[in-house]
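Input: a single structure, listed below in structure tokens.
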Amino acid sequence: MKPISYEKRLDIRLGVNIGCMILSMILFAIVLGSESLAFLQPMYTGSLVGLFFASLALFLRNKKLKKNPENMRKMELLETDERNVLILRVSYTIFTYVSIGILYISMLISGFFSQTVYYTLETLLCADLVIILFIRKVIGKMY
């Protein structure tokens, strides 16, 4: 597998940041503009404003990084250092197992209170497990 250059990765990140900002603005406009969705305004206002500003901050950081080749090289070394990559992979693996365990326990407990929440969490757990299986198959074929 040919690795993507760091500059190309920054370009992809900038595109994702712009996409998230646009998505948050569109959804925010839909929620604020619709009377039938008024019940969603308190919940979505904070989430969408948070998404917009987090994406904006990351966009500005990556744009600034792209303009400074020396800092870009430093960040590239930090991201591609074998020790840091190993730490990141192990952290993600542990996080995946812990979050699936928490989701499973939450699903079992929620069954005492609401069937809807139980089935929603069960569906989410199944979807997570299918996605993990799919990702492992894809990554296994790449390497």
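Quick check on segment 60-82. Is at least one of its residues surrounded by fewer than 10 Cβ atoms within 10 Å (Cβ to Cβ) and more than 23 Å from residue 11 (Cβ to Cβ)?
yes
Find the residue count for segment 100-135, including only residues that are over 27 Å from residue 3 (Cα atoms), surrounded by 12 or more Cβ atoms within 10 Å (Cβ to Cβ) and of a type outside the set (A, V, I, L, M, F, W, C).
Number of matching residues: 8.
Please count how many residues of segment 19-55 are within 15 Å of the chain's Cα centre (by Cα) and surrounded by 14 or more Cβ atoms within 10 Å (Cβ to Cβ).
Adding up the residues that qualify gives 10.
All but one of (1) surrounded by 11 or more Cβ atoms within 10 Å (Cβ to Cβ); (2) not assigned by TED's automatic domain parsing to the domain that holds residue 14 hold for residue 138; state the number of the condition that does not hold.
Exception for residue 138: condition (1).
I'm checking my understanding of the structure. Among residues of segment 4-18 that are closer than 23 Å to residue 139 by Cβ and out of contact with any Lys or Arg (no Cβ under 9 Å at 6 or more places or on another chain), which one is surrounded by the most Cβ atoms within 10 Å (Cβ to Cβ)?
Looking at the filtered set, the residue picked out is 13.
The values are calculated or read from the model by the stated rules, or taken from the named source; none is laboratory data. Note that the coordinates shown come from a computational prediction; the quantities given were computed from them, not determined experimentally. Note that each Cβ is placed from the backbone with ideal geometry, even for glycine, and that neighbours are counted across all protein chains shown.
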